[in-house]
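The values are calculated or read from the model by the stated rules, or taken from the named source; none is laboratory data. Model, not experiment: these values are computed from the prediction. Here the Cβ is made from the backbone with ideal geometry for all residues, glycine too, and neighbour counts use every protein chain on show. Protein only, heavy atoms only, side chains kept; ligands, DNA and RNA dropped before computing areas. Shrake-Rupley method; radii C 1.70, N 1.55, O 1.52, S 1.80 Å.
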Amino acid sequence: MLDYQAPNDLLKDKVILVTGAGEGIGRSAALHYAAHGATVILLGRTTKKLEDVYDEIEARGYPQAAIVPLNLDSAAEHDYIEIANTIQSEFGRIDGLLHNASILGDRTGLANYEPSTFDQVMRVNVSSQFLLTQSLMPLLLDAPEGSIIFTTSSVGRKARAYWGAYAVSKFATEAMMQLLADELENTSNIRVNAINPGATRTNMRARAFPAENPSSVLAPDELMPLYLYLMGHDSKDVNGQSIDAQPNRKASN
């Protein structure tokens with residue numbers, strides 16, 4: 001799927017929200033979506049990082065983006081409702097939602113796992129996805145073709161020791177994707193899928209594997225053909241799939 005050649009106007013006139021848009025895969029996805037014609041809503045915790053992405057989109061002459069600073073750890077239901085109301089008033093609908101933001105938590109055994117950290121990982125990686133999806137659902141239903149993409153992991157399919165809350169959260173992500181895909185398949189024009197990026201050169205990867213040579217894994221930009229494919233019209237019949245971005249590489253996250 002990484003050999004997919006996206007048409008230049010693949011996402012023309014579409015409105016797409018990307019979480020964790022300030023760095024890593026989220027930043028790359030936002031830039032590539034904008035490059036293919038989308039108006040991108042940049043959601044993330046750090047305003048400065050979002051502004052940097054916004055400025056880069058502007059400098060390249062892509063459609064003007066929007067910034068939504070939000071800390072997923074502390075956000076409450078009313079924050080998500082407010083985001084949906086703002087998007088409704090500014091854009092009228094939303095065509096795509098990329099759930100990219102997540103946190104690693106601790107790499108330790110469950111017997112010694114800090115309960116407050118466990119709760120934090122589940123809030124950011126799972127509860128925020130539920131609340132954001134639920135608040136945006138009416139806007140997604142107004143789109144001619146809606147696409148929701150979740151971000152999963154190999155440890156969300158086969159748990160491995162010491163991945164703790166992160167693995168549990170990715171199992172929950174897989175379940176949420178499957179539930180939504182099944183519920184929406186015959187009742188809407190929305191398709192729901194998940195991407196397992198695999199080993200990718202991100203800050204989270206560096207924290208999980210501090211001894212790894214970053215040049216030994218793919219950069220986020222190299223994964224973007226799959227992210228474009230699932231967000232664009234060419235995947236309109238793909239639903240309920242959990243796709244490995246790097247199927248020929250040994251899974252390691």
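Of note, THR108 does not satisfy the criterion of being outside any loop (DSSP other than H, G, I, E, B) and closer than 23 Å to ALA165 by Cα. Only residues that are under 17 Å from GLN134 (Cβ atoms) and among the polar types (S, T, N, Q) were counted in region 168-197, giving 4. Within region 147-164, the set of residues being in contact (Cβ under 8 Å) with a residue 60 or more places away in the chain and either in a loop (DSSP other than H, G, I, E, B) or open to solvent by 30 Å² or more (accessible area, probe 1.4 Å) (or both) comprises THR152, SER153, ARG157. Candidates are the residues of region 108-146 that are among the polar types (S, T, N, Q) and without any contact (Cβ under 8 Å) to a residue 24 or more places away in the chain; the one that is farthest from ASN189 (Cα to Cα) is ASN112. If you go through region 111-125 and keep only what is surrounded by 15 or more Cβ atoms within 10 Å (Cβ to Cβ) and either modelled with pLDDT under 95 or in a helix (DSSP H, G or I) (or both), you end up with THR117, PHE118, GLN120, VAL121, MET122, ARG123, VAL124, ASN125. The residues of region 165-183 that are of a type outside the set (Asp, Glu) and either without any contact (Cβ under 8 Å) to a residue 40 or more places away in the chain or not in a helix (DSSP H, G or I) (or both), listed by number, are ALA167, PHE171, ALA175, LEU179. Selection of region 75-110 for residues being open to solvent by less than 60 Å² (accessible area, probe 1.4 Å), more than 21 Å from the chain's Cα centre (by Cα) and closer than 27 Å to TYR227 by Cβ yields only GLY92. All of (1) at pLDDT 95 or above; (2) surrounded by 15 or more Cβ atoms within 10 Å (Cβ to Cβ); (3) small (Gly, Ala, Ser) hold for GLY24 with one exception: (1).
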